[in-house]
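Here the structure comes first, spelled out in structure tokens, and everything after it is commentary.
The values are calculated or read from the model by the stated rules, or taken from the named source; none is laboratory data. These numbers were taken from a predicted model, which means no experiment stands behind them. Counting neighbours? That spans all protein chains shown, and the Cβs are built from the backbone with ideal geometry, glycine included. Calculation scope for accessible area: heavy atoms of the full protein, side chains included, ligands and nucleic acids excluded. Shrake-Rupley method; radii C 1.70, N 1.55, O 1.52, S 1.80 Å.
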Amino acid sequence: MKQLMLGNEAAARGLYEAGCSFVSSYPGTPSTEITEAVAKYSEIYAEWAPNEKVAMESAFGASLAGKRSFCGMKHVGLNVAADPLFTIAYTGVNAGMVIGVADDPGMHSSQNEQDSRHYAKAAKLPMLEPSDSKDSLEFAKAAYELSEAFDTPVLLKMCTRVAHSQSIVETSDRAETAQKEYVKNPQKYIMMPGFAKKRHPIVEERLLKIAEFSANSDLNRVEEGTDKSVGIITAGTCYQYVKEVAKDKYSVLKLGIVWPLSEKLIKDFASTVDKVIVIEELDGFIEEFCKNIGVECEGKNIFSNIDELSQNKVAKGLGIEYEAGNEVDAVIPNRPPVMCAGCPHRGLYYVLSKLKLNVIGDIGCYTLGAVAPLNAVDSVICMGASVSGVHGFNKANDGKSEGKTVAVIGDSTFMHSGLTGLVNISYNNSNSTVIILDNSITGMTGHQHNPTTGFNLKGDPASKVDLEGVCRAIGINSVRVVDPYNIAECEQVIKEELERNEPSVIISRRPCALLKYVKYKTPVVVSSDKCKSCKMCMKIGCPAISMVDGKAVIDSTLCTGCNVCTQLCKFGAMQEGK
Amino acid sequence: MKTNDTKNIMIVGVGGQGSLLASKLLGRLLLTKGYDVKVSEVHGMSQRGGSVVTYVRFGNKVYSPVIDEGEADFIVSFELLEAARWTKFLKNGGKIITNTQQVNPMPVVTGAAEYPKELVSKMEEKGFSVDAIDALDLAESAGSSKAVNLVLMGRLSKYFDFTEDEWMTAIENSVPPKFLEMNKKAFSLGLNA
């Protein structure tokens, strides 16, 4: 049956049809929907793991046990899972194992623009790159064939435009695969020096064999053009841009296997055209290979290694005419993302901003505390970096910054990689203060459960990590819970904990306002006659509040009645709705 | 010059306004009509009240999932400023269908920027044909402010050769049964606005 599917849903369908029966992932845009779609197939066991490393190791365990497995993550998640990645490359698999990684060129929802293909090369693993949903489904299936034929984990590389675009796929039935027998094999599966030394040559040999396979695989294809003056080597979403603007004019080598690359395939293709141009997003990965094997080509001298490509960029680079757009004569203000009306992070951030603290931030919706008017965050690096970072910051300042510096981290991020940082604070004794923003969900990626919510990926009740208990067990004696809707309480507790001569954790607890079970109160009411236009209420950056003709106005369709603003108004103009 | 039979529709708005339902509905309809279809969405951070865009492309063979500057036949906008923001993506003679509702972005809320005035006439000055309708008002009279998407789809349907039955079937396949009548009403109000 023909249907429209997101690239991520199609990849999930491919896993299903290939008989995959174990999936463990950590959410991250643009990879999240693969695992959410997988969760709808009852034949597949699927879970959210606390982080990508755990997910990959669990998927490896399932492969070892003889079942086809998958783990999915965003590009920066692969950094977290890099440790097992490089070594399961040595052990190989029992049943097929596929690792989904989704890059985000253009950084629509990411902190960097890294190119995951370097991981395939560095870890010596094959990587497939689909260019649309049809490819995503087929490549996911092919990845298992490749994995089992060559005894290797296989990387399936998505990018935002493939992951989040719907295109037409044709589905087929699931092919159940029998569980493979697990046979103890220490020399293959125990990677200590003596055994690993014997595995490394096998890995190198395997890579050569896959390159040989790649030369004739239909995962790569040549589309012959009418004009032989230029031949284009491309992969992924760039293939679509090339076809969009050049149609059948130039010959195209569309690579589905982006690592290892086949020297023969590329040289054969290059011999049919006068000039080779490599069109790829981010780094000149394929281009570098071409140059190394002596194939002259152009690439990053024309197409930037920064940001996404698009059809106009490709047209421009190839000298093909395109229509420029026509802008209106007006200054259009930006519309950056904002914390939602009723967001529990807002009240807490207002206090941090008011107290002019150094705030070592982390990854999630609450990164938005960094933008105007709150401007409350000093640094954001990666998952967990707040807790470790605040410790280093305070140690480097010989403790002098302890009274004015905090870490902020969400519940899911704390589970992901905040715990070990907190152990470090306790063990190496900095009087650091960590604030856990517990909104009872993984927010930014669209409401995924995590070990603190009490539910699993499938929505079934699950064991719930006791945040207070965990922090105490780590050695934090002072663990306090505040309601971020209560400004005075937050301010009081933060001040007390900053003064404390030992490490402390403050849990700011209030569910995300977008959760279905959260009940809103009556919207706030403004008495215009009492409003003195002081704009105190504008300091919290609430999208439901604006100034009209110098007076505060509440948008009652947005206001959730959190009443953070009513606590800030000194003139009683903002009143709790009745 | 690129030659293409592909039609390009951009659905733009403010994160959280419900543009994903509109693209889902369009995608389903176009698929049943036998077109090649691609729909590109943005998930993640911009859904938190940021500027969002969804691309819908259809024709005999569609390659790129996105629409670039100078390519869109239609911009369907849930909010006035967003229509103006994306006009550069319209081709010459392109059509803008916009809700006249204004949602202030944070730089306007904080006073760092102004919401530009007379945007509809400014867009018309550039030679674009603009259908500006109070879709929020029509949606509310259909029964819910959340039906702005169906009002806008109703308006868009005027410019396509698909029958009302075909649109209605696509709506039935895209919205929960209990909201079906309200959504159909919103669609009709948009069509006849």
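Tell me, please, whether a residue that is open to solvent by 30 Å² or more (accessible area, probe 1.4 Å), closer than 21 Å to A:Gly364 by Cα and among the aromatic types (Phe, Trp, Tyr) can be found in segment A:16-32.
No, because not a single residue in segment A:16-32 is open to solvent by 30 Å² or more (accessible area, probe 1.4 Å), closer than 21 Å to A:Gly364 by Cα and among the aromatic types (Phe, Trp, Tyr).
May I ask you to verify whether A:Ile540 is surrounded by 14 or more Cβ atoms within 10 Å (Cβ to Cβ) and in contact with an Asp or Glu (Cβ under 8 Å, 6 or more places away or on another chain)?
no
Just checking, does segment A:467-481 include any residue being part of a loop (DSSP other than H, G, I, E, B) and loosely packed, with under 15 Cβ neighbours inside 10 Å?
yes
Residue pairs, Cβ under 8 Å, 6 or more apart or interchain, first in segment A:319-330 and within 7 Å of chain B (Cβ to nearest Cβ) and hydroxyl-bearing (Ser, Thr, Tyr), second surrounded by 10 or more Cβ atoms within 10 Å (Cβ to Cβ) and part of a loop (DSSP other than H, G, I, E, B). List them.
These pairs meet every condition: A:Tyr322/B:Lys2; A:Tyr322/B:Asp68; A:Tyr322/B:Gly70.
Taking the condition of being open to solvent by 50 Å² or more (accessible area, probe 1.4 Å) and under 17 Å from A:Ile474 (Cα atoms), how many residues in segment A:377-406 meet it?
Within segment A:377-406, residues that are open to solvent by 50 Å² or more (accessible area, probe 1.4 Å) and under 17 Å from A:Ile474 (Cα atoms) number 1.
Listed here are the residues, each with its yes/no results for (1) assigned to a helix (DSSP H, G or I); (2) away from every other protein chain (no Cβ under 11 Å); (3) open to solvent by 30 Å² or more (accessible area, probe 1.4 Å); (4) polar (S, T, N, Q).
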position	(1), (2), (3), (4)
B:Gly49	no, no, no, no
B:Arg57	no, no, no, no
B:Asp73	no, yes, no, no
B:Gly94	no, no, no, no
B:Gln101	no, no, yes, yes
B:Ser121	yes, no, yes, yes
B:Ser141	yes, yes, yes, yes
B:Leu152	yes, yes, no, no
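Go through segment B:1-42 and give me each residue that's in a strand (DSSP E or B) and open to solvent by 60 Å² or more (accessible area, probe 1.4 Å).
B:Lys7
Six or more apart or on different chains, Cβ atoms under 6 Å: show the pairs whose first residue is in segment A:287-312 and within 14 Å of chain B (Cβ to nearest Cβ) and whose second is aromatic (Phe, Trp, Tyr) and in a loop (DSSP other than H, G, I, E, B).
As it stands, the answer is A:Asn312/A:Tyr322, since those pairs meet every condition given.
Tally the residues that are within 20 Å of A:Ala81 (Cβ to Cβ), in a helix (DSSP H, G or I) and either away from chain B (no Cβ under 14 Å) or polar (S, T, N, Q) (or both), restricting the search to segment A:9-42.
6
Could you tell me which residue of segment A:83-104 is nearest to A:Glu176 (Cα to Cα), considering only residues that are within 21 Å of the chain's Cα centre (by Cα) and open to solvent by 20 Å² or more (accessible area, probe 1.4 Å)?
Once the filter is applied, the top-ranked residue is A:Phe86.
Suppose we filter segment A:157-170 for residues that are part of a loop (DSSP other than H, G, I, E, B) and either of a type in the set (D, E, K, R) or more than 14 Å from chain B (Cβ to nearest Cβ) (or both); how many remain?
0
Among the residues of segment A:543-553, which ones are free of Cβ contacts under 8 Å to residues at least 60 places away in the same chain and either assigned by TED's automatic domain parsing to the domain that holds A:Tyr366 or open to solvent by 30 Å² or more (accessible area, probe 1.4 Å) (or both)?
Answer for segment A:543-553, where residues must be free of Cβ contacts under 8 Å to residues at least 60 places away in the same chain and either assigned by TED's automatic domain parsing to the domain that holds A:Tyr366 or open to solvent by 30 Å² or more (accessible area, probe 1.4 Å) (or both): A:Met547, A:Val548, A:Asp549, A:Gly550, A:Lys551, A:Val553.
Which of the following residues is touching a residue at least 60 places away in the same chain (Cβ under 8 Å) and surrounded by fewer than 18 Cβ atoms within 10 Å (Cβ to Cβ): A:Leu515, A:Leu498?
Residue meeting the stated conditions: A:Leu515.
When you scan segment A:222-252, how many residues do you find that are part of a strand (DSSP E or B) and small (Gly, Ala, Ser)?
4
Just to be sure before I move on: is A:Ala143 outside any loop (DSSP other than H, G, I, E, B) and touching a Cys at 6+ places or on another chain (Cβ under 8 Å) in the structure I sent?
no
Look at segment A:469-525 and say how many of its residues are polar (S, T, N, Q) and closer than 16 Å to A:Thr566 by Cα.
Of the residues in segment A:469-525, 2 are polar (S, T, N, Q) and closer than 16 Å to A:Thr566 by Cα.
Applying the selection to segment B:59-71, what residues are within 7 Å of another protein chain (Cβ to nearest Cβ), more than 17 Å from A:Ala163 (Cβ to Cβ) and open to solvent by less than 10 Å² (accessible area, probe 1.4 Å)?
Selection gives B:Gly70 alone.
What about B:Asp68, is it charged (D, E, K, R) and touching a residue at least 40 places away in the same chain (Cβ under 8 Å)?
no
Which one of the conditions (1) open to solvent by 10 Å² or more (accessible area, probe 1.4 Å); (2) in contact (Cβ under 8 Å) with a residue 40 or more places away in the chain; (3) out of contact with any helix residue (DSSP H, G or I) (no Cβ under 7 Å at 6 or more places or on another chain); (4) at positive phi does A:Gly364 fail to meet, given that it meets all the rest?
(3)
Just give me the residues in segment B:158-193 being open to solvent by 40 Å² or more (accessible area, probe 1.4 Å) and not in a helix (DSSP H, G or I), in sequence order.
Residues satisfying the conditions are B:Lys158, B:Tyr159, B:Asp161, B:Thr163, B:Asn173, B:Pro176, B:Asn192, B:Ala193.
Determine whether segment A:203-217 contains at least one residue that is among the β-branched types (Val, Ile, Thr) and under 19 Å from A:Ile286 (Cα atoms).
Yes: segment A:203-217 contains one or more residues that are among the β-branched types (Val, Ile, Thr) and under 19 Å from A:Ile286 (Cα atoms).
Filter segment A:407-447 for residues that are open to solvent by 20 Å² or more (accessible area, probe 1.4 Å) and among the hydroxyl-bearing types (Ser, Thr, Tyr) and give the result.
Answer for segment A:407-447, where residues must be open to solvent by 20 Å² or more (accessible area, probe 1.4 Å) and among the hydroxyl-bearing types (Ser, Thr, Tyr): A:Ser417, A:Thr420, A:Ser426, A:Tyr427, A:Ser440, A:Thr445.
Go over the candidates A:Val230, A:Val203, A:Val273, A:Val183 one by one and state the one that is over 20 Å from A:Ser136 (Cα atoms), exposed (fewer than 13 other Cβ atoms within 10 Å of the Cβ) and modelled with pLDDT of 95 or more.
Of the residues listed, the single one that is over 20 Å from A:Ser136 (Cα atoms), exposed (fewer than 13 other Cβ atoms within 10 Å of the Cβ) and modelled with pLDDT of 95 or more is A:Val183.
Give segment A:12-62 a look and list any residue that's among the small types (Gly, Ala, Ser) and under 24 Å from A:Ser172 (Cα atoms), or say none.
Listed by number, the residues that qualify are A:Ala12, A:Gly14, A:Ala18, A:Gly19, A:Ser21, A:Ser24, A:Ser31, A:Ala37, A:Ala39, A:Ser42, A:Ala46.
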